[in-house]
Amino acid sequence: MPKSRNIPILYAVALLQGMVFYGPIATLYRRAAGVGLGQIALMEGISLALSVALELPWGLLAERLGYRRTMVLCSGLYFVTKLIFWQARGFGGFLLERILLGVVDAGLSGIDTGILYLSCPEGEAHRVFGVYNNMAILGLLVATGVYTLLIGENYRLAGLLTAVSYAAAALLSLGLREVRAPDRRGGREALTRFGRILRETLGQRRLLLFLSGAALLGAAQQMVTVFYSQAQYQRLGMSAAAMGAAYAFMTLCGLLGGYSARLTERIGERRALILLPLLPVLCCLTLALTGSMILSVLAVALFRVTFNLYQPLQATIQNRSVKTEDRATALSAQAVLLNGVTISATFLLGRLSEISLPAAFLLGGALSLASLGLMSRMSKGEERR
């Protein structure tokens, strides 16, 4: 059977892994177990640091195992993280879940997008990445609806249903076909190859600017829309049911990310790279200054929309920059640089959130503005070529 079968299978996997039923109350779930905002950021930073440390061994292992086996293995481990999350009762339990998630993230780094890139027709990658991201959003939308209508205050049930969904995704990944023959070269040669690819990546100034900008924007988005938004809603007196509705609205708006390829075709890649980090700056300023629930919900939703429009473009640029057959290794080298910047930004956001939530939102805006500056410099460099 053709490799193109991988595309609908990965769409379905994204749908199932998007079904995070505790999504609307992810922060409240942890806080109910005694975990604070600063501890949440600390766990995120530790998870990212572990991802960076494991990028090299996972990249080498993925080349030797093959992309399909790596995807299957990581999907199984992903399921285990949700089991741990479901049963976690304090900081230690949630930290264990985040540590294992760091292992999984390093393993999946570039694997899913690499399989998609090598399975789709030439020139279709951006569109396929857009649909792939939207399937995850659709899954989250379904889960949010279930949470709002049926789960309510039963946080643990939300954790259990999420684990069930991830188990189904792990089973479905078994149907994938290999897109690249496993590399059986020796470990020393593989290490030498990774070092060469990392040096080549460090030598690409435009790519470094892009990865740094993507890291800053990604860190701001993760902390603002996933964690701090719920703390903002709680601070403004929003009920749990209203939070679920707000999360559903944000998720529904996120489906607009499917228009990423069309937007880029219409306004051009350079303008897209400047516009998409600019809007989050305005969103973060709004969240820092407003006392309105409606404005807060709209700002979070707009931030999510712009980031979802940005993600397919990011995946396309990263895969397009790979000139070697060792795609997983090259994307792992990029992830080392990307996550290294993300770790610092996440720790800063976490420390500041313990002092003042509005100040953390302002920092998120500053990170988005810095991302805009880096994207602008990268685009100008491209124009001069």
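The values are calculated or read from the model by the stated rules, or taken from the named source; none is laboratory data. Note that this is a predicted model, so its numbers are computed, not measured. Here the Cβ positions follow ideal geometry from the backbone for every residue, glycine too, while neighbour counts run over all protein chains shown. Note: areas computed on protein heavy atoms with side chains; ligands, DNA, RNA excluded. Shrake-Rupley method; radii C 1.70, N 1.55, O 1.52, S 1.80 Å.
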Farthest toward positive dipole pole in the range 239-331 [+1 Lys/Arg, -1 Asp/Glu at C-beta], among ALA288, MET250, ASN308: ASN308
Exposure of ARG64 as accessible area (Å², to 10), given a probe of 1.4 Å and all protein chains: 90 Å²
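Assigning unit charges at the beta carbon (Lys, Arg +1; Asp, Glu -1) and nothing else, what dipole magnitude in debye, to the nearest 20, does the chain show about its Cα centre? Can you show the working numbers first?
Working: 36 positive and 20 negative charges, 126 e Å.
Computed charge dipole of the chain: roughly 600 debye.
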Gap separating the Cα centres of the range 218-251 and the range 67-120, nearest whole Å: 24 Å
Size of charge dipole - the range 145-286 - debye, nearest 20, with Cβ of Lys, Arg +1 and Asp, Glu -1, no other charges: 660 debye
LYS323-LEU77 FRET efficiency (beta carbon distance; Förster radius 35 Å; 0.05 resolution): 0.70
Extreme residue, positive dipole direction of the range 72-219, given options TYR155, GLY175, GLY102 (C-beta unit charges): GLY102
Heavy-atom SASA rank of GLU124, GLU200, GLU44, GLU354 (probe 1.4 Å, accessible area, largest first): GLU354, GLU200, GLU124, GLU44
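Give, in nm to one decimal, the length gained when the segment between VAL164 and SER292 is fully stretched (0.36 nm per residue of separation minus the Cα-Cα distance). Mind showing how you got there, number by number?
Working: separation 128, 0.36 × 128 = 46.08 nm, distance 3.67 nm.
42.4 nm is the gain from fully extending VAL164 to SER292.
Using a 1.4 angstrom probe on the protein heavy atoms only, line up SER292, SER260 by accessible area, largest first. Intermediate results must be reported in sequence, preceding the final value.
Numbers: SER292 40, SER260 0 Å².
Largest accessible area first, the residues go SER292, SER260.
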Zone residues, the range 339-355, relative to ARG235, backbone N less than 19 Å from point 7 Å out along Cα-to-Cβ: 346-355
Dimensions (Å) - the range 85-126, Cα atoms, principal axes, largest first: 48, 16, 12
GNM flexibility winner over the chain from LEU60, LEU367, LEU309 (Cα, springs under 10 Å): LEU60
The chain: calculated mean residue ellipticity at 222 nm from DSSP helix runs of at least 4, using -39500 (n - 2.57): -27000 deg cm²/dmol
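Let me know the shape class of the range 75-158, please: from the alpha-carbon gyration tensor, a ≥ b ≥ c as square roots of the eigenvalues, rounded when a/c is under 1.5, otherwise prolate if a/b is greater than b/c, or oblate. Intermediate values should be presented prior to the final figure.
Details: a/c = 4.02, a/b = 1.49, b/c = 2.70.
Oblate, because a/c is 1.5 or more while a/b does not exceed b/c.
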Area accessible to solvent at ARG89, 1.4 Å probe radius, in Å²: 150 Å²
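Hey, with R₀ at 22 Å, roughly what FRET efficiency would ARG89 and ARG64 work out to, going by the Cβ-Cβ distance, to 0.05? Show your work: numbers first, answer last.
Values: r = 38 Å, r/R0 = 1.73.
FRET efficiency, ARG89 to ARG64: 0.05.
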Simple label model, 7 Å out from Cα along Cβ direction - ALA181 to ARG196, nm: 1.9 nm
Residues LEU278 and ALA53, FRET efficiency given R0 of 30 Å [Cβ-Cβ distance, rounded to 0.05]: 0.35
Positive-end extreme of charge dipole, the chain - chosen from ASN319, LEU372, ALA215 (charges on Cβ): ASN319
Chain lengthening between ARG377 and LEU118 when straightened (0.36 nm per residue, less Cα-Cα): 90.2 nm
Heavy atoms of ARG69: accessible area, 1.4 Å probe, square angstrom to 10: 130 Å²
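Want the number for SER344 to ALA33: 0.36 nm per residue separation, take away the alpha-carbon distance, what's left? It would help to have the intermediate numbers written out before the result.
Details: separation 311, 0.36 × 311 = 111.96 nm, distance 2.61 nm.
The span from SER344 to ALA33 would gain 109.4 nm if fully extended.
Show me the helices of the chain, taken as full DSSP H stretches, that run 27 Å or more along their long axis by Cα and average 1.6 or above in Kyte-Doolittle hydropathy. Walk me through the numbers before you get to the answer.
Values: long enough: 37-65 (39 Å, 1.13); 67-87 (30 Å, 0.56); 125-146 (32 Å, 1.13); 269-289 (32 Å, 1.67); 293-320 (41 Å, 0.78); 327-355 (42 Å, 0.94); 357-384 (41 Å, 0.50).
Helices passing the filter in the chain: 269-289.
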Point-to-point label distance, GLU153-GLN204, nm (Cα→Cβ direction, 7 Å offset): 5.3 nm
Equivalent ellipsoid dimensions for the chain as semi-axes, Å, which come from the Cα gyration tensor, largest first: 31, 25, 20
